[in-house]
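The structure under discussion is supplied below as structure tokens; questions concerning it will follow.
Quick note: the coordinates plus some simple rules give every number you see, no bench work behind them. Since the structure is predicted, the reported quantities are computational estimates derived from the model, not experimental observations. Cβ atoms come from the backbone with ideal geometry, glycine included; neighbour counts cover every protein chain shown.
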Amino acid sequence: MKIQSAEYLISAMKPEQCPNDGRPEFAFVGRSNVGKSSLMNCMLNRKALAKTSARPGKTQTINYFDINEQFYFVDLPGYGFAKVPVSVKEQWGRVMTGYLRHREPLQLVMQLVDARHKPTEKDWDMLELLDRAEVPTLVVATKVDKLKGGERKKNIERIRDGLELDKEALIVPFSAETKEGKGDLWEIIEEILA
């Protein structure tokens, strides 16, 4: 995919704040600091379109990015260990659940899981929510460049087991550093857009 334009559009906290033009949406979800912003910046050949942070919980709204004036990337708040008040976490949960269950233009959710670690209960809960909402989901194993050769296959299988995925379920290994997996993700997105 040739990226001709990629721009931040809007941050939404309510469904009525989301774009209503019906363009396809591709959302990214994952634990705090799993690499959502880095993945999007890599995919879009931008350094800092989506803001990255060493501090978990940077993304606190549903952030829309207009890609080629044809579709949207949607950055959802991270879940897990963000240091924010419980009331804020609960609000994020309501906003995300509403978005995932009722957003018609949503074509695919990419659930990012850190390839270095075993999936958490929150990762599993998110996959369950996506399943119940009947949203097409793709699991992406991030930060694979940080794994040694022998760990890689073992860790991908650990993600598969931890999320209770069947043997045929696709898990895309990804690295924002080496750009591994970038072509695979674009291929999947282009197939859906076609």
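Beyond 18 Å between alpha-carbons counts as too far, so tell me which of K122/K148; K14/K47; K36/K182 fall in that bin.
Violating the 18 Å Cα-Cα cut-off are K122/K148; K14/K47.
Taking only complete DSSP H runs, can you tell me which helices of the chain stretch 15 Å or more along their own long axis by Cα positions and average at least 0.0 on the Kyte-Doolittle scale?
Membrane-span-like by this criterion, though nothing is claimed about a membrane: 182-193.
Can you sort T178, T61, T142 so the residue with the fewest Cβ neighbours within 10 Å comes first?
T178, T61, T142
May I ask you to order 31-40, 66-75 by the average number of other C-beta atoms within 10 Å around their residues, highest value first?
31-40, 66-75
Work out how far the C-alpha atoms of the stretch 1-41 reach from end to end along every principal axis, then list the three figures in whole Å, largest first.
Principal axes ranked by extent give 28, 28, 15 Å for the Cα atoms.
To check you understand DSSP bridge types, tell me what percent of the beta bridges within the chain (both residues inside) are antiparallel, rounded to 5.
The antiparallel fraction comes to roughly 35 percent.
In the stretch 112-194, what trypsin sites (Lys or Arg not before Pro) fall in a loop by DSSP, with at most 11 other Cβ atoms inside 10 Å?
Those that pass, being in a loop and sparsely packed, are K148, K167.
Binning at 10 angstrom from zero up to the longest distance, how are the C-alpha pair distances of the stretch 89-184 distributed in percent?
Percent of pairs per bin, in order: 15, 44, 32, 8, 0.
What are the equivalent ellipsoid semi-axes of the chain, built from the alpha-carbon gyration tensor (square roots of five times its eigenvalues), in whole angstrom, biggest first?
In descending order, the three semi-axes are 23, 20, 17 Å.
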